[in-house]
Amino acid sequence: MKKIWDKYSYAILLIFLSCTLAFILSIRFNSNVEEKFLTITVSEGDSLWHLSKQYSDKHTYSNNEFISWVKQHNKIDGDRIYPGEEIIIPVTYESGAVTEYASAAGE
């Protein structure tokens, strides 16, 4: 064991320090994922395009990127969403309320 330590001590220390630093940075910069998403209830007449435009000041995606993100993360196959359905959308601000009705947001 002593021969291994003598021969590879610098590499072992470098790997150990790298892992420790990566762990510390991941804890420090790990943000709460729940705060970056908003659950909304779809209202009559809502569409993914409409929601993208309605929340455009609260996300950094283009309309097409927003729609793709919502479809992927909510497992929506087509382009249709239905009233009463709850979907998760990405937002860049922290909200105290987790659920908000989409039709009431613009009022």
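The values are calculated or read from the model by the stated rules, or taken from the named source; none is laboratory data. Because the structure is a prediction, the values reported are computed rather than measured. Please note: Cβ atoms are built from the backbone with ideal geometry, for glycine as well, and neighbour counts cover all protein chains shown.
All of (1) assigned to a loop (DSSP other than H, G, I, E, B); (2) free of Cβ contacts under 8 Å to residues at least 40 places away in the same chain hold for residue 44 with one exception: (2).
Report whether or not residue 18 is part of a helix (DSSP H, G or I), surrounded by 13 or more Cβ atoms within 10 Å (Cβ to Cβ) and among the small types (Gly, Ala, Ser). Criteria not met by residue 18. Residue count for region 25-38 under the criterion of being under 12 Å from the mean Cα position of the chain (by Cα) and modelled with pLDDT of 70 or more: the result is 3. Whenever a residue of region 1-16 is at positive phi, it has no partner that is exposed (fewer than 10 other Cβ atoms within 10 Å of the Cβ) and not in a helix (DSSP H, G or I) lying with C-beta atoms less than 6 angstrom away and at least six residues away or across chains.
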